[in-house]
Amino acid sequence: MFSLEQLVSFVAVAEELHYGRAAERLSMTQPPLSRRIQLLERELGVELFDRTHRAVQLTPAGRVFLAEARKILRSAHEATLYARRAKKGEAGIVTLGFTATAAYSYLERVIAVANAEVPGVDLVLREMVTAAQVEELLAGGIDLGMIRPPVTGADVVTLPLWREPLLAALPSAHPLARRKKNPEVRDFDGEPFIMYSPSEGRYFHDLLVAVFRAARVVPEYTQYPCQVHTVLALVKAELGVALVPAAAATLRFEGVVFRPVDGVENRPVELELMWRRSNDNPALGALLAAVGNQARRNRQSTVD
């Protein structure tokens, strides 16, 4: 198989059509350059140049091979640049897990930051619940996760990303939806309520249990879905009311009204970024730096 060195020599001679000038361009003498071309022709089994005492011309095979040689050299150059960028974290692939509700709120911000600050890094997106993300992270299936806390582990690092309030999701004909003042937590006492699954939707299940326990409220749980869009579909079907993260209001379910709730201000919905400390993917480090800066700016603006 021919070498890149032979291709560089061939292109130089093909462009100069003169061995002396080509040798000077390559900072070498003419005899070893001629030898390289001869070895290349022997490897290919074709003559690339017509050689006369007066001129050097490309053969038909040489003209075809010149175009392909330029493509190969360009690809080799680009591969070198890509490898160097990858080492610096300026290029590469990061596999990002995210929950469905994260897609309503913060996922687009992460994508926007990646496109703006590390455009050479490609994101591979995988939707999954928090528990599945943790398993995939530890197994090396994903580099990064957008999860609901808490998550712990000796090799696991987390970064707070986003906090948002809970909203009441109500059938449009429900008395709480028609009332002018905001509903309160105590309004859900004895009320048919769409609760989250204690297994697949554990974060939201435990959060609402804590909210109701603190207020000494006991709703009448009617269904236990795990995804917010399913919760809203059941609210639309008038099977009960629900509490959902504020970002869910962007889904705009016809027949569902969203209202702020008094008494849940100290129980925000939290979203965190999760990765393994031992992950040596350079692209991950570059993305984390960009997203981390964004998260810190968000937290600062919230404080201010």
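The values are calculated or read from the model by the stated rules, or taken from the named source; none is laboratory data. Please read all numbers here as calculations on a predicted model, not as lab measurements. A quick note on method: Cβ atoms are made from the backbone with ideal geometry, for glycine too, and the neighbour counts reach across all protein chains shown. For accessibility, only protein heavy atoms count, side chains too; no ligands or nucleic acids. Shrake-Rupley method; radii C 1.70, N 1.55, O 1.52, S 1.80 Å.
A few comments on the model shown:
- Residue satisfying all of: in segment 44-85; small (Gly, Ala, Ser) and not in a helix (DSSP H, G or I); surrounded by the fewest Cβ atoms within 10 Å (Cβ to Cβ) among these: Gly45
- Set Val124, Val94, Val134, Val110: member being modelled with pLDDT of 90 or more, within 11 Å of the chain's Cα centre (by Cα), open to solvent by 10 Å² or more (accessible area, probe 1.4 Å) and hydrophobic (A, V, I, L, M, F, W, C): Val124
- Listed by first and then second residue, the pairs linking a residue in segment 26-43 that is under 23 Å from Pro60 (Cβ atoms) and open to solvent by less than 90 Å² (accessible area, probe 1.4 Å) to a residue that is outside any helix (DSSP H, G or I) and not charged (D, E, K, R), with Cβ atoms under 6 Å apart and 6 or more places separating them unless they lie on different chains, are Leu40/Phe2; Glu41/Leu48.
- Any hit, segment 160-176, residues being free of Cβ contacts under 8 Å to residues at least 12 places away in the same chain and open to solvent by 50 Å² or more (accessible area, probe 1.4 Å): yes
- Tyr203 vs. criteria of a type in the set (Ser, Thr, Tyr) and crowded, with 22+ Cβ neighbours inside 10 Å: no
- Exactly one residue out of Val209, Val244, Val256, Val218 is of a type outside the set (Phe, Trp, Tyr) and open to solvent by less than 10 Å² (accessible area, probe 1.4 Å), and it is Val244.
- Selection status of Arg179, charged (D, E, K, R), open to solvent by 40 Å² or more (accessible area, probe 1.4 Å) and either free of Cβ contacts under 8 Å to residues at least 40 places away in the same chain or more than 29 Å from Val134 (Cα to Cα) (or both): yes
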